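Accompanying notes for the structure given below.
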């Protein structure tokens, strides 16, 4: 298993290998995203029982929770990819990190927007200065910072390194920001799902949510892979394998 | 080590000979704080409630203003290359530069803050908390900001970019510091908040020089 992982890691360093293997993955990822989204949304929006307090408006969690989860883990992935680039100088890792940034920021924005739409009927206001909301907003600012920095630096290598350093600094700061705003003010309900505890949701509500979470991760992987493939093609455009690919 | 000492000495001397460098952020600090009574409400009762937060926001902005120049001259005149070639630890150098920045910006801000407190009708009990929170909190601002300054040193019009990068990272300091001043003002204990600020200072002093050193190196590859 370990040997296999090490080999996979070394192979991932090769842009050509990555491009070829992901060509085979893409149909599967697309299929899984479409099917998962269809099943999860139909179950969640039509068959899950309405919440006894919030009525039907709770159903937005099938978009909101997966997006919020992903926005946070995407930042982590971006920082890890950046660290791999800083330590081992693997170009692929830098391209992946750069591909993740706008996707993660979009999910962050989706989480904030759906949260606002849900907050209006439930809390009676679009926005409150609550800890969770504020820390998501700050996460969005961190994404913007990384993207702005990458764009501002002209030298390709330096911009990748700068982005990686900033995302690592951000990663260390995320828990500090999270706990300080939580301590400062909180109105948001505690997390719906916890890995360490038995879920408090009814299975009819929970199963579609879990399906949607998995689907969103698959969809995220698809988006990042597509973006990374573009980076690969652009950077390797002078190589013979890309030329052959373009001609055929 | 001697190189770092020499750099610190040189930078302090430069700051002393060029007072605008550290006086301008101080004046900015004063002016920003003066905008709030004008724009919101000059009623002392209201002011005393927001004083701590306003003074801290002004301090934060003033710090950002002076950060831009931290490494710029060194990148432009080649001092940075000399440091890298000398083989001295960049970690210690980054720590030294942050110290210089704090002496030229955070320390004067801290010393001038009681004046602002008077203008903003800060409650008497809150003055020690204001001084203490600025004294412990502004070095964290300098340390974190130095990372941003190193990252943007070679970027044209990096000042605005620097603010975008660094402001989200400043939020925890702002929260705990403003809360310390506020709680002191209503007669509550503020040891906890100062303790958190101290923990952040320890963490920032240990970790941010690594990031600064890595960021400084990438200024060579442009």
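Nothing in this text is a laboratory measurement; each read-out follows from the coordinates by a stated rule. Note that this is a predicted model, so its numbers are computed, not measured. Glycine gets a Cβ as well: all are built from the backbone with ideal geometry, and neighbour counts include every protein chain shown.
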Exercise. What's the angle, to the nearest 10 degrees (0 to 90), between helix A:131-152's Cα axis and the longest principal axis of chain A?
Worked result: 20
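Sum -39500 (n - 2.57) across every DSSP H segment of at least 4 residues in chain A, then divide by the residue count to get the 222 nm mean residue ellipticity, nearest 500. Before the final figure, lay out the partial values.
Values: 8 runs with 192 residues, N = 248.
Theoretical 222 nm ellipticity from helices: -27500 deg cm²/dmol.
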Exercise. With each pseudo-label sitting 7 Å past Cα toward Cβ, what's the residue A:73-residue B:16 distance in nm, one decimal?
Worked result: 5.7
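Counting only other chains, what is the mean number of Cβ atoms within 10 angstrom of the Cβ of each residue in peptide A:151-157? Mind showing how you got there, number by number?
Values: counts 1, 11, 10, 4, 5, 1, 3.
Mean shielding by partner chains, rounded to a whole number: 5.
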For this session: With a/c under 1.5 counting as rounded, go ahead and sort chain B into rounded, prolate or oblate using the C-alpha gyration tensor (a ≥ b ≥ c being the square roots of the eigenvalues; past the cut-off, prolate if a/b is larger than b/c, else oblate).
Result: prolate
Problem set entry | Fluctuation leader among B:142, B:163, B:89 - chain B, Gaussian network, Cα springs under 10 angstrom | B:89
Exercise. Where does helix A:156-184 land angle-wise versus the long Cα axis of chain A, in degrees 0 to 90, nearest 10?
Worked result: 20
Seminar exercise, completed: Two pseudo-spin positions, 7 Å from Cα along C-beta at residue A:10 and at residue A:127, lie apart in nanometres by 5.2
Exercise. When only C-alpha pairs under 8 Å and at least 6 residues apart count, what is the relative contact order of the stretch A:1-152, in percent?
Worked result: 21
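Across the residues of A:138-146, average count of Cβ atoms on other protein chains within 10 Å? It would help to have the intermediate numbers written out before the result.
On the way: counts 5, 1, 1, 6, 4, 1, 3, 11, 2.
Average per residue, whole number: 4.
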Seminar exercise, completed: Under the helix-only model (-39500 (n - 2.57) for each DSSP H run of 4 or more, divided by the residues of chain B), the mean residue ellipticity at 222 nm, to 500 deg cm²/dmol, is -27500 deg cm²/dmol
Exercise. What residues from the stretch A:219-246 fall in the zone where the backbone N is under 16 Å from a label point 7 Å along the Cα-to-C-beta line of residue A:25?
Worked result: A:219-233
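I need the peptides B:110-120, A:10-20, A:95-105, A:118-128 ranked by packing, meaning the mean over residues of other C-beta atoms within 10 angstrom, with the highest value on top.
On the way: B:110-120: 18.0, A:10-20: 15.2, A:95-105: 23.4, A:118-128: 13.6.
Result, highest mean Cβ count within 10 Å first: A:95-105, B:110-120, A:10-20, A:118-128.
Please find the FRET efficiency linking residue A:243 to residue B:23, where r is the Cβ-Cβ separation and R0 is fixed at 60 Å, and quote it to the nearest 0.05.
Numbers: r = 61 Å, r/R0 = 1.01.
The formula returns an efficiency of 0.50 here.
Just order B:34-44, B:94-104 by mean Cβ neighbour count inside 10 Å, highest at the front, would you? Show your work: numbers first, answer last.
Working: B:34-44: 12.8, B:94-104: 22.7.
Packing proxy ranking, top to bottom: B:94-104, B:34-44.
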For this session: Within 10 Å of each Cβ in peptide B:141-149, how many partner chain Cβ atoms are there on average? Round it to a whole number, please.
Result: 1
For this session: Give me the distance between the Cα centres of the stretch A:7-66 and the stretch B:159-175, rounded to whole Å.
Result: 34
Exercise. Between residue A:148 and residue B:118, what is the spin-label point distance in nm, taking each point 7 Å from the Cα along the Cα→C-beta axis?
Worked result: 3.7
Seminar exercise, completed: Rounded to the nearest 10 degrees, the helix A:91-123 long axis (Cα) sits at an angle to the longest Cα principal axis of chain A of 10
Exercise. Highest mean first, what order results for A:159-166, A:204-211 on Cβ atoms within 10 Å?
Worked result: A:159-166, A:204-211
Seminar exercise, completed: So for the protein assembly as shown, using the alpha carbon gyration tensor with a ≥ b ≥ c as root eigenvalues (a/c under 1.5 gives rounded; past that, a/b versus b/c decides prolate or oblate), I'd call it oblate
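Just want to confirm a number: the relative contact order over the stretch B:90-186, from Cα pairs under 8 angstrom separated by 6+ residues, in percent. Numbers along the way, then the final one.
Values: 70 pairs, mean separation 36.0, N = 97.
37 percent.
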Exercise. For chain B, what relative contact order do you get, as a whole percent, if you take Cα pairs closer than 8 Å and at least 6 residues apart?
Worked result: 27
